[in-house]
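To start, the structure under review is shown below, and the notes come after it.
Please treat every number below as a calculation from the coordinates, not as lab data. This structure is a prediction, so every number in the text was calculated from the model and none was measured. For neighbour counting, all protein chains shown are included, and Cβ atoms are generated from backbone atoms with ideal geometry for every residue, glycine included.
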């Protein structure tokens, strides 16, 4: 009954100790995305309020592709609150918060951000390697805490961007790829307006700092800019996302998360 309110993705642990949560790691990423895809598209109804969810049939034909496509659904969902933040003071330390749900690699982003109207964001992307939080410097993964050696760590790329590369594990169906294409096109289109929008937006209790000069700022942050300056493109993207949700909803039943 709380799928709509209490299932969400965060860049850190929730402050309310009443929430049950788990850390999202490379080792459990796909299972977490599958769970998100099983919970969020389904409309609330009294028949599924309690313990109706079951373990899915992961060996069923099409299940892996369904999980792949849930990535495109999750990155744009309103309960994905993952953000990038810079120079955050917390417990006597200054933090650089990465957004592992950003879909572009650093190299791709750097090329696109090389725009006269985007110097701060370009500089942030270029200098990201100076932060130990971005590039691994030991055998312990500074991002996940796992003791492993992974090539993607050396680049400072977001984990989702790594999964979308040719060496990653996520290939998308046409409707999911269209969502990502529209998302990326809107991201590129908004680059020349990003820093001026950020500079002109007052920071108040109702309008928190969006950290839009962080190169890996996510949908949770950028949607304010997009719906203000590009409402038609934003509406087109949301329409494609809703269509994808309609298709993925059938998979919740097809793969056995819920019974009809």
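With one equal scatterer per alpha carbon and no solvent term, the Debye-computed log10 I(q)/I(0) for the stretch 47-98 at 0.16, 0.21, 0.22, 0.23 1/Å reads -0.77, -0.91, -0.94, -0.97. Residue separation of residue 89 and residue 246 scaled by 0.36 nm, minus their Cα-Cα distance, works out to 52.4 nm of gained length. The value of relative contact order for the stretch 160-260, using C-alpha pairs under 8 Å at least six residues apart, is 26 percent. Each of residue 173 and residue 20 was given a label point 7 Å from its Cα along the Cα-to-Cβ line. The distance between the two points is 2.9 nm. Between residue 207 and residue 239, the contour length at 0.36 nm per residue exceeds the Cα-Cα span by 8.9 nm. Classify the stretch 59-127 as rounded, prolate or oblate, taking a ≥ b ≥ c as the square roots of the eigenvalues of its Cα gyration tensor: rounded when a/c is under 1.5, otherwise prolate if a/b is larger than b/c and oblate if not. In terms of gyration-tensor shape, oblate.
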